[in-house]
Amino acid sequence: MELQHRLIRQAINIAVSKALDDMRGNTRRSLRNLIELGLLFSRSENQRGFFGLVQRAVSEGNNRYYRLASRVIQDVNPDTLKTVGINLGYSSLVNGAHQLQKKQIAENCALPWMVIFDARRCGCVSFELLGRLISEGRKIGICTYVFRAGKQEEMLPFCSMAAGFEECMFFLEAPLGFLQSPETAECLGGFPNLAVAVDMACGDFGREGAQNAFSLLRKNRCLYGYRIDYGEEERAEAISRRLVSEAIGLGNVFGVYVPKIGVSAAARNEVFSEICSKRKEKGQPLILLDWVGDMRFIGEKIRSGMGYFVLDSLAAPKDGEMAPGLLELLKRKARGGIRLSPAAR
């Protein structure tokens, strides 16, 4: 099975490389070819249904996805586009999902398709420990990881560690203030299996700091977007046409919306509905994600029983102690015996 996986991945790599080269001349045709490639390598009815849905969506003549693809081809490093696309699309949501389903049956335990390392809640991060957890996760089919940086000096060590897992997809989530350095942006641009999510507030987009950070990310051809945690009062502004237009103008490829603790179901539903509306064919060229709704949807479609898992215990174990492995942590969570951040409950 490992040899088969390698051969399939190599074939996809060749096909995607050609499609990205062709996009500079004919974006529409190349995008349709990529969707057909996704259909070819789909391994379940849900996966085929997803690519069929995308195929119908891009069949419209004046479709925003063509405009988004043209913009991304111009702005983002092609190696990053290819690596992120293959690692997220095939390694995680196709081959990884297939591995996860088999492992869930073997272990009689719900497993996540994504693991989030939240360093904001941890005083000290052991990247050796993170490396071991990711290595174990990769073996059971978990190929997508998020690192929420708590300190600026944690970002580059994490990226260097992530570079060793070439088939995994990583999101680096960092506050706006961590991304003001040209040296940082230049370094981030050198990791092709990485996307950057800038954690910011609604009012930040028009400020000089945001313009500087996004300008540096764009200059270094990074794949990046923004994350907004919204409350009851700012939800309308967070998803407004003005803010989305500003985000596009700053080169963002995606925007993630996360409700704060205590936000009402009515407010969450309103944001989700507005995001769905903006994702239709007449929307703007930006990938909008409702964190709660979309993560649940993806987990259900690929039959990941746990969806995603948040871990904020990232320090090295004390002398004489052995840190539990990822599978053991997941089993504890399934039994209700591990403390989780509120977002994971």
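The values are calculated or read from the model by the stated rules, or taken from the named source; none is laboratory data. Treat the numbers as computed from the prediction; the structure is a model and nothing was measured. Positions of Cβ are backbone-derived with ideal geometry, glycine not excepted, and every protein chain shown enters the neighbour counts. What goes into the accessible areas is simple: the full protein's heavy atoms, side chains included, and nothing from ligands, DNA or RNA. Shrake-Rupley method; radii C 1.70, N 1.55, O 1.52, S 1.80 Å.
Quick look at the values:
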| read-out | value |
| --- | --- |
| The chain: radius of gyration over Cα atoms, expressed as a fraction of 2.2 N^0.38 Å | 0.97 |
| CD proxy at 222 nm, helix term only [per DSSP H run n ≥ 4: -39500 (n - 2.57); per residue of the chain; nearest 500] | -15000 deg cm²/dmol |
| Region 84-197: relative contact order in percent, alpha carbon pairs under 8 Å with at least 6 residues between | 30 |
| Tail weight of P(r) past 13 Å, computed on alpha-carbon pairs of region 189-233, percent | 58 |
| Rounded accessible area per residue of the chain, 1.4 Å, Å² | 47 |
| Percentage relative contact order, the chain, counting C-alpha pairs under 8 Å, at least six apart | 20 |
| Size descriptor, Kirkwood hydrodynamic radius, that averages inverse alpha-carbon separations across region 279-326, Å | 14.5 |
| Modelled label reach - ARG335, point 7 Å along Cα→Cβ, region 87-107 residues with backbone N closer than 15 Å | 107 |
| Gain on full stretching of the segment that runs from ARG29 to ASP79 - 0.36 nm per residue minus C-alpha separation | 16.0 nm |
| At most 13 other Cβ within 10 Å, DSSP loop - trypsin sites (Lys or Arg not before Pro), region 268-332 | LYS280, LYS282, LYS318 |
| Coil-residue trypsin sites (Lys or Arg not before Pro) of region 113-216, DSSP, other Cβ within 10 Å capped at 15 | LYS151, ARG207 |
| 11 Å reach of a label modelled at SER70, 7 Å along Cα-to-Cβ, counting backbone N of region 205-223 | none |
| Dimensionless Rg ratio for region 140-219, taking C-alpha atoms and the 2.2 N^0.38 Å reference | 1.11 |
